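> What follows is a structure written as structure tokens; I'll ask about it next.
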């Protein structure tokens, strides 16, 4: 080891020691390591948790999934619903001291639209032009009405970064500059991300901790034991089997919210896919009837998640009430298989090799076999699985979709012809028509009727079999006050305070 | 993780038969051999011994503690842990046997060639071996298994390739130590073809340490299979493997600790069996002195 | 001596190059690439293509390799594609963690292995010897991840004495650091202790038969003095060299131990890197461990030559 390397080691160790926990640091346990710390390129759920503290968004949602102000204080549509005018919050500055204004909004949206590696391009594609009216007013111009736009601005696509800092994506990701309540301090990959309070934050009075440390702890048992021991203040994704340990412990508190996410059994319906399910809708129906979703929920998740037959969870107003979850009916499934003329239909389920999906796959296998299917399982490592998924090279695939506040990004991307997640070759002109009509409709009741119609179509065609909606479980020390979890599963740090304050 | 047999001069000619008899009566060989034989029998007769179908789930009997009906309890899907441990012996033994077969069928010939011919061939093979040995065994196996995709078959290949360099080095060393002995030079002087010399004269005399290394590598391979399965790179579900059983059990340590205990004990027993066997054979086959 | 060292170093260079070629080839053979692994839930083919171009993944293999080698020779390991953090910095953060674990494990191994081995050698052939040897072999046969799980079950879940996983830096809180690293060090040290024990035993048995030991005994010295003053000094030479070599294998053992205890160290960096296809990370880590391995075997050889003067020629 050279002298300079030794010095670097020492400096590294000192940096770690200087970021050490004080009484006013909120220590949050994350299940996995976020990827890039740039809202334009970030693609992980745990990254979104960190972004909440780091980067404010134009808009936000509340616990009822309604749109509420954040950096934009007011918004209005023009009569033809093609121009969205945003009034911006006064006195907001980025962590580098630069002011937040209409020019910054324009720069941000254009950056996310043009950056080659941006993951926000399709979400923002309805915006044709961003017009700066005055320093505190900006207008987003669309070609056609697009109802989901507001909800898009409540997630990463609405996060504002300092335009002068956002030059290179690599450098920005390693040293992000936003306008959230906490500013970036340091990061150690697969270990921790340290943020410190930004004194210039517009809503500083609601910020209770001087610093936040996000620690990456993949094992849920370890996260639990660390909040039990007081080594962590908050832990996300508590395992359903561990909830009792938190409920029965007066030092701990459990925070839950029904989630927007959905896990579903995606069926390849391409003619060239050659699966027996591809051209036999009755066999898809037989498969669905062979499954007992409540039993899956009970065995795999202690009954703590929500068993459901739809992509949109019951917590959303757009969930269809006219299509209740069918009961398991093995006899009917057997009958359908018999009538199809296919003897001993054999199917293969591909999934990303995780314990949760593995368990669900094995339960499905065992249930479907009781009805007369032969089920093979093909667990693949994440990147091999994604490669096959993208290529449409699967017969059935256990998909885990995080969901959005608005139903459109779920339904259109999966079922719309040419949708970005439409990788199973499903296409229904009728459904396309309904989904596009729903995009242009801004009235909630009228949209509800359209999505009701959409549910009727896809639940009958069965391009996928939704299985369950995960519920978000956060465990926390009882000494941390003010935590509330919304359906997007993000820990919102605004309003979170130590009990003594 | 990878022990290596101590390279001692091989027992030769007439002493070989008595060496084998001596090996079999050595206490380590006896105990180890019994353990290994026990698991081989369990693997062969698994369907007859196992009280339940190892893959049959029981939704109403999930994570039940050991009882008269389920001696080892049930797992997260209500399957009988005892039956899964019994069937799991198949994955472990298969991994050991196939991996070692791959390792010796590539490693020994390369070692023989390198040691016997020397020169450029030796240099190339040896540098290659050095490079493989410089990468940590498990890391190499993980990378190979990830490349091939998670399945028992691929795990076996990955372990076999990772275990190969030890055999190259061992065989080469052995060949070098006897290459210039009188009887080899004598046959060579008679103009016998290299191939025949290697097969008829060199190989038999380097066999003993290889046999010892085979048993030790079996132990290593069984451990490695469990490790890969533990990382999700082994046996595909629902078929049981001790390593993947432990991976799942880790999630239920508080609610169902029995899930973690038995597969681990099974691994220890079978690996200990191979290690004892290896020790016993090492003591008796590869040394003529009364040493160690 | 100097010649010997120089030759060894020179021989290591092609080995290292070969390792890098092998790792490079192997990684490119892996299905999927970092751009795909990064794509996550909302894979966008355009973004994936762009990332491939940006990180040169679409270039011919020899070009990619040459570029990589060029920057490594200048001390630049590149960026992790996943996090965009510099890999050199990551190694500086992770390596000390694993080194600490390995050194603690080796300490445990020597403290248990040497006395046990000496004891077994003195009592050679007695039941005590058999029992110690059997325990030693048992230590070699325990899967480290299972031992880890059992220790967690006992000390963390049942007794609540130690945390069940995670890591706190030494400079952050030395005491906590010890609490977090104790179980992993024991797990890593178990197999090492067994190996040290076995080497000590066989080497001591050989030494105890040597003439000078017999002479010492004949002089009427007490057995304890004979063993500690005369036999041990020579008997430990092979133990020192094999222990040095084994330190390298501990790095490999750390892969599973860090996985079980969720320690953000070098071993975990390898596994995570392989799974997320973070090529540059895996390459850097494997090269580092190969370098460490070669260095340790060099040190072992040098130590052997220095410690046993008979070999110097």
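Every number here is computed from the coordinates shown, using simple stated rules; none is lab data. Here the structure is a predicted model, which is why all the values come from computation and not from measurement. For neighbour counting, all protein chains shown are included, and Cβ atoms are generated from backbone atoms with ideal geometry for every residue, glycine included.
> Return the calculated 222 nm mean residue ellipticity for chain B, to the nearest 500 deg cm²/dmol, obtained by summing -39500 (n - 2.57) across DSSP H runs with n ≥ 4 and dividing by the residue count. It would help to have the intermediate numbers written out before the result.
Working: 12 runs with 202 residues, N = 292.
About -23000 deg cm²/dmol.
> Shifting gears a bit: Using alpha carbon centroids, what distance separates the stretch C:19-98 and the stretch A:100-136, in Å?
Taking the Cα centre of each part, the stretch C:19-98 and the stretch A:100-136 sit 30 Å apart.
> Quickly work out the residue A:74-to-residue B:195 label distance, labels modelled 7 Å from Cα along the C-beta direction, and quote it in nm with one decimal.
In this crude spin-label approximation the distance works out to 9.4 nm.
> Taking chain C as the reference, fit the longest principal axis to its C-alpha atoms, fit the long axis of helix C:279-307 to the helix C-alpha atoms, and give the angle between the two in degrees, 0 to 90, nearest 10.
20
> Give me the angle, in degrees from 0 to 90, between the Cα long axis of helix A:330-340 and the longest principal axis of the Cα atoms of chain A, rounded to the nearest 10.
Result, in degrees: 70.
> When a/c is below 1.5 the answer is rounded, else prolate if a/b is larger than b/c, else oblate, so apply that to the stretch C:96-311 with a ≥ b ≥ c taken from the square roots of the Cα gyration tensor eigenvalues. Walk me through the numbers on the way to the answer.
Values: a/c = 2.57, a/b = 1.67, b/c = 1.54.
Prolate.
> Here's another thing I want to ask about it. Within 10 Å of each residue's Cβ, count the other Cβ atoms and sort C:213, A:68 from fewest upward. Display every interim value, and only then the final one.
Numbers: C:213 19, A:68 10.
Result, fewest neighbours first: A:68, C:213.
> Which whole-number percentage describes the relative contact order of chain B, with Cα contacts under 8 Å and a sequence gap of 6 or more?
Details: 482 pairs, mean separation 90.6, N = 292.
The value is 31 percent.
> Between residue A:339 and residue B:58, what's the calculated FRET efficiency when r is the beta-carbon distance and R0 is 30 Å? Round to 0.05.
Details: r = 30 Å, r/R0 = 1.01.
Computed FRET efficiency for residue A:339 and residue B:58 comes out at 0.50.
> Something else now. Take every Cα pair under 8 Å in chain A that's 6+ residues apart, average their separations, divide by the length, and report that relative contact order as a whole percent.
Reported as a whole number, the value is 19 percent.
> Need one value for A:360-366: mean number of C-beta atoms belonging to other chains within 10 Å of its residues' C-beta atoms. Spell out each step's value before the answer.
On the way: counts 0, 2, 7, 6, 0, 4, 9.
Mean shielding by partner chains, rounded to a whole number: 4.
> Just checking the output field for A:218-227: average partner chain Cβ neighbours within 10 Å of each residue's Cβ?
6
> With just the Cα atoms defining each centre, how far is the stretch B:81-137 from the stretch A:374-434? Give it in Å.
If you average the Cα positions of each part, the centres end up 42 Å apart.
> Once you sort the root eigenvalues of the Cα gyration tensor of the stretch A:365-501 as a ≥ b ≥ c, which label holds: rounded (a/c under 1.5), prolate (a/b larger than b/c) or oblate (the other case)?
On the way: a/c = 2.28, a/b = 1.34, b/c = 1.71.
Taking the square roots of the gyration eigenvalues as a ≥ b ≥ c, the stretch A:365-501 is oblate.
> Starting with the fewest neighbours, write out B:58, A:445, A:406 ranked by other beta-carbon atoms found within 10 Å of each beta-carbon. Mind showing how you got there, number by number?
Values: B:58 16, A:445 9, A:406 27.
By the 10 Å Cβ count, ascending, the order reads A:445, B:58, A:406.
> Quote the relative contact order of chain C in percent (integer), defining contacts as alpha-carbon pairs under 8 Å separated by 6+ residues.
Result for chain C is 25 percent.
> Right, something else. How do the peptides C:147-157, C:18-28 rank, highest first, by the average count of neighbouring beta carbon atoms within 10 Å per residue?
Working: C:147-157: 20.6, C:18-28: 18.5.
Packing proxy ranking, top to bottom: C:147-157, C:18-28.
> So if I take the centroid of the Cα atoms in the stretch A:440-484 and the same for the stretch B:157-186, what is the distance between those two points in Å?
Between the Cα centres of the stretch A:440-484 and the stretch B:157-186 lies a distance of 65 Å.
> Please work out whether the stretch C:1-74 counts as rounded, prolate or oblate from its C-alpha gyration tensor, where a ≥ b ≥ c are the square roots of the eigenvalues and a/c under 1.5 means rounded, while otherwise a/b larger than b/c means prolate and anything else oblate?
On the way: a/c = 3.78, a/b = 3.02, b/c = 1.26.
It comes out prolate by the Cα gyration axes.
> Counting only helical runs of four or more DSSP H residues, what would the 222 nm mean residue ellipticity of chain A come to if each run contributes -39,500 (n - 2.57) and the total is spread over all its residues? Mind showing how you got there, number by number?
On the way: 16 runs with 161 residues, N = 501.
Mean residue ellipticity at 222 nm (helix-derived): -9500 deg cm²/dmol.
> Further question: According to a simple spin-label model (label point 7 Å from Cα along Cα-to-Cβ), what is the distance in nm between residue A:390 and residue C:172?
About 3.5 nm separates the two model spin labels.
> Here is a further query. Which value at 222 nm does chain C reach when only helices count, each DSSP H run of 4 or more adding -39,500 (n - 2.57), with the total divided by all residues and rounded to the nearest 500 deg cm²/dmol?
Working: 13 runs with 227 residues, N = 313.
Roughly -24500 deg cm²/dmol at 222 nm, from the helical runs in chain C.
> Follow-up question, since we're still on this one. What order, most packed first, do the peptides B:248-256, A:415-423 have when packing is the mean number of other Cβ atoms within 10 Å of each residue? Write down the numbers at each step before the final one.
Working: B:248-256: 20.3, A:415-423: 17.9.
Highest mean packing first, the order is B:248-256, A:415-423.
> Put one equal scatterer on each alpha carbon of chain B, apply the Debye formula with no solvent term, and list log10 I(q)/I(0) at q = 0.16 1/Å to two decimals.
Result of the Debye calculation: -1.19.
> Still on this structure, please answer the following. Tilt of helix A:444-461 relative to the longest C-alpha principal axis of chain A, in degrees (0 to 90, nearest 10)?
40
> Arranged from highest to lowest average of other beta-carbon atoms within 10 Å per residue, in what order do the peptides A:338-346, C:112-120, A:129-137 appear? Please list the in-between numbers first.
Values: A:338-346: 12.6, C:112-120: 21.9, A:129-137: 14.6.
Order by mean packing, descending: C:112-120, A:129-137, A:338-346.
> I'd like the per residue volume of the convex hull spanned by the Cα atoms of chain A, given in cubic angstrom. Provide the component values of the computation, followed by the final result.
Values: hull volume 79.9 nm³, N = 501.
Per residue, the Cα convex hull of chain A comes to 160 Å³.
> Can you pull a Stokes-Einstein diffusion coefficient for the stretch C:1-134 at 37 °C (0.692 mPa s), Rh from Kirkwood over Cα pairs, as a whole number of µm²/s? Spell out each step's value before the answer.
Details: Rh = 19.8 Å.
The estimated diffusion coefficient comes to 166 µm²/s.
> For peptide B:232-245, compute the average count of partner chain beta-carbon atoms within 10 Å of each residue's beta-carbon.
Neighbouring Cβ atoms belonging to other protein chains average 3 per residue here.
> Hey, another quick one. Mind checking the alpha-carbon convex hull of the stretch A:348-428 and giving the volume per residue in Å³? Present the calculation step by step, with values, prior to reporting the outcome.
Working: hull volume 9.2 nm³, N = 81.
Considering the Cα atoms of the stretch A:348-428, their hull volume per residue is 114 Å³.
> Which whole-number percent of Cα pairs in the protein assembly as shown have a distance greater than 41 Å?
Numbers: 287296 of 611065 pairs.
So the pairs more than 41 Å apart make up 47 percent of the total in the protein assembly as shown.
> Based on other C-beta atoms within 10 Å, arrange C:106, A:112 from fewest to most. Walk me through the intermediate numbers first.
Working: C:106 22, A:112 25.
By the 10 Å Cβ count, ascending, the order reads C:106, A:112.
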